[in-house]
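Below is one structure, written out as structure tokens; the observations come after it.
The values are calculated or read from the model by the stated rules, or taken from the named source; none is laboratory data. Note that the coordinates shown come from a computational prediction; the quantities given were computed from them, not determined experimentally. Here the Cβ is made from the backbone with ideal geometry for all residues, glycine too, and neighbour counts use every protein chain on show.
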Amino acid sequence: MKRQIRSSVFETNSSSVHSLTIAPNGRKRNRIHIDNEGYLAAHFGSFGCSGKFFSQSEKLSYLVTSLWYAVGCPEYLDDLYRSYAWEHLEDAVKEYVPECKGVRIRDYHYRDDDYEAAPYIDHQSVPDSEWDMIVDMYDKDAVIDFIWNDNVGLKCARD
């Protein structure tokens with residue numbers, strides 16, 4: 001790596017671009033349960049302002065919880081399953097785990113008064129749409145790497 005230091009020169013990083021690339025050699029075969037119907041079993045999670053999440057099931061949980069918010073917190077899971085972003089999630093999953101039919105949320109029953117069981121992401125990290133998520137849902141490699149690459153983790157923190 002070449003290092004260059006310029007003295008007495010005003011610089012700004014306003015035009016800089018930073019990219020994160022992740023090598024696919026950290027991908028590990030599926031460790032998420034495929035249920036009797038042939039779907040990856042996902043669960044809504046609770047992601048506050050602290051915590052580290054590295055397991056495949058935790059990262060899948062974060063994605064489905066984010067998608068639930070991104071498509072407007074639908075009361076019925078079928079409305080979530082019909083969303084364009086969910087279709088892309090399932091396409092990526094089926095490409096990487098061809099023996100499964102897709103992803104389904106398990107053990108979720110919506111009730112307005114049951115805040116403890118509701119999906120949760122800290123208010124400052126809630127995506128406004130699928131375009132606002134930390135993972136590009138329309139990039140199969142991004143979805144696959146986020147879930148199945150052991151070198152990728154999620155850290156929730158606050159300043």
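Below, the figures for the structure above:
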| read-out | value |
| --- | --- |
| Output for the stretch 101-121, where each listed residue is more than 27 Å from ARG29 (Cα to Cα), surrounded by 15 or more Cβ atoms within 10 Å (Cβ to Cβ) and either modelled with pLDDT under 85 or more than 16 Å from the chain's Cα centre (by Cα) (or both) | ALA118 |
| Residue count for the stretch 82-100, restricted to those that are hydroxyl-bearing (Ser, Thr, Tyr) and surrounded by fewer than 17 Cβ atoms within 10 Å (Cβ to Cβ) | 1 |
| The stretch 123-137, subset part of a loop (DSSP other than H, G, I, E, B) and exposed (fewer than 15 other Cβ atoms within 10 Å of the Cβ), residue modelled with the highest pLDDT | ASP136 |
